[in-house]
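The values are calculated or read from the model by the stated rules, or taken from the named source; none is laboratory data. All values reported here derive from a predicted model rather than from experimental measurement. Neighbour counts are summed over all protein chains in view; Cβ atoms, including those assigned to glycine, are modelled from backbone coordinates with ideal geometry.
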Amino acid sequence: MATLLPAYQSSVYEDVDGSHAASLAVDGNRNSTLKWLSCSHSDRETNPWWAVDLGLPLTVTGVFFTNRDAVGAYSDSTQMSHAQPLKQVCF
């Protein structure tokens, strides 16, 4: 449903392999290896966030997360919330 829709995150982690932007989470690639640029990743920060703009009001009945490889507890505190439409995104 969200494949290739606009995605945003609080920051973008960059390393020798490249930039791990929010769009990588909705590109349809479920590979979980970070170095293959198939995962989004924020910098280390307090309260990082990620969002996708579905384009219209929808009833969401499920969400599929793929945690990246070699990571034990990154998604232990994942929370979903309904947000008002994004008016402006600043990075």
Looking only at segment 1-21, which residues are within 17 Å of SER42 (Cβ to Cβ), touching a residue at least 24 places away in the same chain (Cβ under 8 Å) and touching a strand residue (DSSP E or B) at 6+ places or on another chain (Cβ under 6 Å)?
ALA7, TYR8, GLN9, VAL12, TYR13
Tally time: how many residues in segment 1-30 are surrounded by 14 or more Cβ atoms within 10 Å (Cβ to Cβ), assigned to a loop (DSSP other than H, G, I, E, B) and of a type outside the set (Gly, Ala, Ser)?
4
Enumeration of residues in segment 38-67 that are within 11 Å of MET1 (Cβ to Cβ) and aromatic (Phe, Trp, Tyr)
PHE64
What are the pairs with Cβ atoms under 6 angstrom where one residue, in segment 41-70, is closer than 16 Å to ALA21 by Cβ and surrounded by 12 or more Cβ atoms within 10 Å (Cβ to Cβ) and the other, located anywhere, is at pLDDT below 90 and hydrophobic (A, V, I, L, M, F, W, C)? Sequence gap at least six, or different chains.
VAL52/ALA2; ARG68/LEU34; ARG68/CYS39
